[in-house]
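A.B. asks: Just dropping this structure here.
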């Protein structure tokens, strides 16, 4: 498996924001979003370490941290991901989350070794909405999160439409985050009030507040 970095930090977003987590970031992505903050991990020449699923689990266990976030790039593109999820289930009691971009079918990963998913929906300003696998939004459960990263009013309108269409607020956690530097959080709050978006949460990416937004390994 192509690992570009692994580190311990706090979860900057999601249902466990502020809690310690061990992050494993994998190389490569099938999208190229306009606001991507880890584009470096998707470049063909990006350095990586080839690790086995067993070796990754060993590294996770050494940290003593029980929240695990598998991210990228797009982690579900790694062919050995099913084996890694099985190893994590068999050898640890960790809470495993996969951050996935919405452009890979999650259903093959929804069996006995199912993690929780933080599943993106790429809104119009991302330039990648056409890549969304819509069946993913029917496969989410109460353990999962659907995240919308919004940069414009059009994005917010589309997020609202998708939330209603798939009844997401009643089926999973739903977050809206601002594209850093493109929209003010207050504009999102005002939109949520205007449209009575109950059970939807605004979330600011905590790690971009604590550290420089371009800093790696946090």
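A.B. asks: Over the stretch 70-166, what is the mean sequence separation of C-alpha contacts under 8 Å (at least six apart), divided by residue count, expressed as relative contact order in percent?
C.D. replies: Contact order relative to length: 25 percent.
A.B. asks: Helix 153-165: angle to the longest alpha-carbon principal axis of the chain, degrees 0 to 90, nearest 10?
C.D. replies: It is inclined by approximately 70 degrees.
A.B. asks: I've got another one for you. Return the distance in nm (one decimal) between the two label points of a simple spin-label model at residue 143 and residue 32, each offset 7 Å from Cα along Cα→Cβ.
C.D. replies: 3.6 nm
A.B. asks: Give the label of the value calculated from the structure for percent of Cα pairs over 31 Å apart, choosing from (i) 16; (ii) 25; (iii) 20.
C.D. replies: Checked against the structure: label (i).
A.B. asks: Of the DSSP beta bridges with both residues in the chain, give the percent that are antiparallel, rounding to the nearest 5. Intermediate values should be presented prior to the final figure.
C.D. replies: On the way: 9 of 33 bridges.
Antiparallel: roughly 25 percent of the beta bridges in the chain.
A.B. asks: Could you list 121, 191, 35 so that the one with the fewest beta carbons within 10 Å of its beta carbon is first and the one with the most is last?
C.D. replies: Placing the least packed residue first, the sequence is 35, 191, 121.
A.B. asks: What 222 nm value per residue comes from the helices of the chain, counting each DSSP H run with n ≥ 4 as -39,500 (n - 2.57) and dividing by all residues, nearest 500 deg cm²/dmol?
C.D. replies: Numbers: 6 runs with 54 residues, N = 218.
When only DSSP H runs of four or more count, the value is -7000 deg cm²/dmol.
A.B. asks: Ok, one more. By count of other Cβ within 10 Å, fewest leading, how are 113, 58, 120, 155 ordered?
C.D. replies: Ranked by crowding around the Cβ, least crowded first: 58, 113, 120, 155.
A.B. asks: Roughly how tilted is helix 185-194, in degrees to the nearest 10 and between 0 and 90, from the longest Cα axis of the chain?
C.D. replies: 60 degrees
A.B. asks: Using the Cα gyration tensor of the stretch 166-206, with a ≥ b ≥ c the square roots of its eigenvalues, what is the shape: rounded (a/c below 1.5), prolate (a/b larger than b/c) or oblate (neither)?
C.D. replies: oblate
A.B. asks: Something else about it: By count of other Cβ within 10 Å, fewest leading, how are 27, 165, 196 ordered?
C.D. replies: In increasing order of surrounding Cβ atoms, one gets 196, 165, 27.
A.B. asks: Tilt of helix 53-63 relative to the longest C-alpha principal axis of the chain, in degrees (0 to 90, nearest 10)?
C.D. replies: Tilt relative to the chain: about 80 degrees.
A.B. asks: Going 7 Å from the Cα of residue 194 in the Cα-to-Cβ direction, what parts of the stretch 160-179 have a backbone nitrogen less than 16 Å from that spot?
C.D. replies: 160-161
Every number here is computed from the coordinates shown, using simple stated rules; none is lab data. This is a predicted model, so every value here is computed, not measured. Don't worry about glycine lacking a Cβ; one is built from the backbone with ideal geometry, like all the others, and counts go over all protein chains shown.
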